[in-house]
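Report on one structure; see the data block that follows.
Values quoted throughout were computed directly from the atomic coordinates according to the rules given, and no laboratory measurement underlies them. This structure is a prediction, so every number in the text was calculated from the model and none was measured. Glycine gets a Cβ as well: all are built from the backbone with ideal geometry, and neighbour counts include every protein chain shown.
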Amino acid sequence: MEPAPILSLDRVSRRFGPVEVLRDVDIALRPGEIHALIGENGAGKSTTMNILAGYLAPSSGRVLLDGAATALAGPGAAEAAGIAMIHQEFNLAEPLTVEENVFLGRELRRGPFLDRRRMRNLTRDWLDRLECPLDPRLRIADLSVSDKQMVEIAKALGRQARVLIMDEPTAVLSRRETEILLRLVARLRDEGTAILYTSHKLDEVARLSDRVTVLRDGAVVLSRPAGDLTQDRMAEAMVGRPMTDLFPPRTAAPAGAPVLEVAGLDVPGRVQDANLSVRAGEVLVLAGLVGAGRTELAEAVAGLRHSTGRVTVKGRPLPRNDARAARRAGLVYMTEDRKGRGLLLGKPLAENLTLLALDRFGRFRIDKRAEAAALDRAIRGHDIRVADPTVPAGALSGGNQQKLLLAKVLLDDPGIILIDEPTRGIDIGTKQQIYGVIRDLAQAGKAVIVVTSEMAEVVGLAHRVVAMRAGRIVGELSGAAIGDEAVVRLAMGLEPRGAAA
Amino acid sequence: MSAGDTAAPAPAAPRRRRVDLHALGPVLALLALIVLGALMNPNFLSYGNVTNVLARSAFIGIIAVGMTFVITAGGLDLSVGSMAAFIAGLMILAMNALLPALGVGLATVLAGIAVALAAGLAAGALNGLLITRGRIEAFIVTLGSMGIYRSLVTWLADGGTLSLNFDLRSYYGPVYYGGVLGVTWPIIVFAAVAAVGEIVMRLTPFGRHCAAIGASEQVARYSAVHVDRVRTATYVLLGLLVGIAVIMYVPRLGSASAATGLLWELEAIAAVIIGGTVLKGGFGRVWGTVVGVLILSLIGNILNLTDLVSPYLNGAIQGVTIILAVVMQRGTGRAR
């Protein structure tokens with residue numbers, strides 16, 4: 001007999017203006033159960049979670065708390081009812097310390113004063129449970145993304161949530177951090193917490209969750225115990241068609257002279273003595289753990305980060321620390337941080353699309369007609385789904401933002417392109433499209449460097465893999481030697497198994 | 001969102017032009033003021049009064065156009081009022097000093113104009129470089145230079161007033177009082193600066209880059225925009241425009257003192273904000289700034305022409321206007 005659900009939705013629909021985002025959604029969160037909510041970007045996952053956590057009210061249908069219909073008047077009321085939500089974009093005050101954030105809005109007092117010592121000790125306890133040895137006195141602004149995630153979770157722990165809702169908690173975590181988080185989530189489950197989370201990593205979902213609900217176009221298409229589902233079945237339910245090959249067919253590795261050569265590149269404190277080269281038509285994957293220095297290396301090559309060393313494009317040395325010179329040489333970098341560094345979320349699509357290559361649209365006067373035509377081409381060419389092309393970029397779903405960012409970078413027609421985490425936080429259908437673009441670029445004779453933490457991408461995309469660990473390049477694999485295990489062993493610093501791995 | 005799941009429209013479909021009610025707000029306010037003024041005093045729409053209001057608006061207006069670029073790019077310049085006083089003082093001293101050599105005539109005036117432009121350029125470049133190269137907050141840098149210029153002009157004038165030679169003043173006077181077809185030069189220059197400013201903001205890569213930097217410096221940097229150069233250029237442009245405003249201002253009174261250009265910086269910033277430019281940067285509207293300048297000077301003018309409210313309350317009413325303008329624009333501000 002299953003325990004009664006703590007929190008559930010009963011035939012909930014939600015519309016934004018004329019657009020129906022959710023349609024008759026039923027979902028039940030039970031104590032001691034990990035519930036995974038999966039679906040493509042735009043399927044309605046975020047809306048569902050926001051309704052559960054009281055951030056949004058349903059247009060119709062009921063939210064049931066302990067079996068009784070309730071109207072959660074805002075996140076405050078939900079929190080009082082023991083429901084905590086961790087957003088993908090963190091709700092942390094950057095200039096405050098870890099402990100101040102954990103206790104924000106419910107500070108402990110001793111008389112009229114703050115009881116700092118008790119708050120600090122409690123914060124430390126909760127962080128210890130997360131196996132995250134952070135000093136509670138550190139400022140949030142100085143933390144890495146994964147540490148911020150841990151602080152968010154500590155905050156939820158401190159609120160003794162009965163229901164914990166997490167929006168893609170592992171998207172920004174390294175493998176090790178993901179392991180810790182998954183262990184912790186399992187422990188919370190065993191203590192009787194009801195957990196709902198979303199993830200695009202189906203292997204994780206299959207491993208961790210007890211029940212899986214799949215959303216497609218705002219409706220539940222599948223809700224079943226996880227044990228009854230394979231990853232393929234989940235993916236098929238998400239996209240609504242059988243998933244054939246996610247990656248385009250592999251092409252032969254090109255031969256020929258390298259177009260980009262990096263020699264002795266140092267980024268102070270981040271990368272030491274990096275050497276690599278890429279040929280035209282080649283996809284080179286920079287593999288490694290989060291924090292291994294891959295992004296820093298890519299940014300340094302593109303002149304966006306201070307570095308010393310030699311970078312040559314087609315034999316010509318590139319001045320260091322000059323992103324415009326790199327651009328002129330046909331080398332561009334696509335950031336992993338599409339919201340913070342990639343797109344102006346408040347600006348229209350066209351202005352975002354042309355920002356990098358703006359001088360192609362007139363030196364003194366922007367040719368707005370050409371700009372609009374370029375946007376039309378990008379929307380069609382990259383299948384950017386948008387009803388009204390005058391909306392700001394922030395109104396697009398994550399996957400469509402990523403396609404816009406890719407279109408922006410490619411608009412400059414670079415010969416060498418560095419793509420950092422091309423598919424972070426986007427759905428499987430969009431991933432497939434982006435893999436296709438990467439393969440097409442290589443076939444068109446571009447040199448492509450991809451930084452990725454997803455093992456499937458390393459194996460599925462690369463002609464050659466360069467692995468980094470702790471700021472150094474630690475090994476290289478090519479052709480048939482590229483495989484999950486070989487890459488992991490390199491990245492983790494283990495010797496390759498056998499001579500001919 | 002499922003909104004994104006609808007298919008892209010056919011490329012031939014015309015782009016809808018939405019009427020932005022928030023953008024219309026300042027224009028409606030300006031029209032209301034004009035109607036109000038005309039009803040309250042028959043002289044309000046007379047040639048003399050209109051010319052007077054526009055000519056007096058020109059100084060702040062020219063500066064405010066430059067300020068629009070600075071604020072759009074996420075900066076701020078508090079020093080423009082003091083800078084104007086200092087440049088006016090320098091210009092007067094230079095012309096007086098050159099008088100014996102060059103005589104009363106075009107040469108002296110042109111030399112004075114060159115001094116004003118050069119000083120504006122240098123002052124703007126100094127602000128810009130301290131902010132970009134020196135990595136100091138714009139607020140701090142320009143707060144400092146505001147004090148420096150104000151004090152320098154007081155020192156140059158030895159606490160009193162710097163006066164332009166009387167003959168030179170008569171010769172130079174037409175630059176403020178004269179004009180073409182009944183339109184005086186300050187109005188013509190203001191209109192020209194505003195028109196060019198509007199074009200630059202809307203149609204050039206420079207204007208686009210200003211807005212991008214103001215919206216997100218990081219995104220601009222990762223899009224290979226020369227952030228420091230563009231940002232410095234906004235301050236240099238503003239300095240130059242302060243120089244141009246001074247060139248129009250000096251012939252009006254022929255003098256400069258510690259009180260010259262007092263609070264101009266705040267009026268210019270207020271005009272920019274009333275016009276719909278976002279104070280924290282990312283979006284700027286030059287024509288809005290022009291409307292803002294006109295609103296501010298019309299309020300003063302109407303108070304002077306009517307005895308409904310004491311003209312001493314001018315500042316209070318302008319203050320209320322600024323706050324109201326921002327409250328009404330909040331919807332757009334947030335979206336951006």
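Neighbour counts of C-beta atoms inside 10 Å place A:Glu33, B:Glu217 in the sequence B:Glu217, A:Glu33, starting with the fewest.
Within straight-line reach of A:Lys45, meaning a Cα separation under 14 Å, sit the following aspartates and glutamates at least 8 residues removed in sequence or on another chain: A:Glu20, A:Asp24, A:Asp26, A:Asp167, A:Glu168, A:Asp217, A:Asp427. Using θ = phi - 60° in the Karplus curve 6.51 cos²θ - 1.76 cosθ + 1.60, the 3J(HN,Hα) couplings for region B:51-57 round to 4, 4, 4, 5, 5, 5, 5 Hz; x is entered for Gly and Pro. Partner lysines whose Cα lies under 19 Å from the Cα of A:Lys408, excluding those fewer than 8 positions away in the same chain, are identified as A:Lys339, A:Lys347, A:Lys368, A:Lys431, A:Lys446. The chymotrypsin sites (Phe, Trp or Tyr not before Pro) of region A:355-435 that meet both conditions, a loop assignment by DSSP and at most 14 other Cβ atoms within 10 Å of the site Cβ, are A:Phe364. Over all Cα atoms in region A:287-364, the spread is summed up by Rg and Dmax: 14.4, 44 Å. Between 0 and 90 degrees, rounded to the nearest ten: what's the tilt of helix A:368-381 against the longest Cα principal axis of chain A? Around 70 degrees separate the two axes. For A:Ala287, the residues 5 or more places off, or on other chains, whose built amide H falls under 5 Å of its own are A:Val466, A:Ala467, A:Met468.
The tail of the calculated P(r) for chain A beyond 32 Å holds 47 percent of all Cα-Cα pairs. In a reduced charge model with +1 at each Lys and Arg Cβ and -1 at each Asp and Glu Cβ, the protein assembly as shown shows a dipole moment near 940 debye about its Cα centre.
Listed from fewest to most Cβ neighbours within 10 Å, the set A:Cys132, B:Cys210 follows the order A:Cys132, B:Cys210.
In the protein assembly as shown, the DSSP beta bridges split such that about 60 percent are antiparallel, to the nearest 5.
The fewest-to-most ranking of A:His382, B:His209, A:His87 by surrounding Cβ atoms within 10 Å reads A:His87, A:His382, B:His209. Peptide packing for A:423-429, B:62-68, A:56-62 was compared via the average number of neighbouring C-beta atoms within 10 Å per residue; ordered from the highest value, the list is B:62-68, A:423-429, A:56-62.
The angle separating the long axis of helix A:145-158 from the principal Cα axis of greatest extent in chain A is about 0 degrees. Inter-label distance, A:Ala372 to B:Leu324: 3.7 nm, where each label sits 7 Å from its Cα along the C-beta direction. Please work out, to two decimal places, the log10 of the ratio I(q)/I(0) at q = 0.09 Å⁻¹ from a Debye calculation in which every Cα of the protein assembly as shown carries one identical scatterer. The computed values of log10 I(q)/I(0) come out as -1.01. Normalised by the number of residues in chain B, the mean separation of alpha-carbon contacts (under 8 Å, six or more apart) gives a relative contact order of 33 percent. The angle between the Cα long axis of helix A:116-129 and the longest principal axis of the Cα atoms of chain A comes to about 70 degrees, rounded to the nearest 10.
With a Förster radius of 22 Å applied to the beta-carbon distance between B:Tyr177 and B:Leu110, the computed FRET efficiency rounds to 0.70.
Label zone of A:Ala263 (point 7 Å out along Cα→Cβ, amide N under 18 Å): in region A:308-325 this covers A:308-321.
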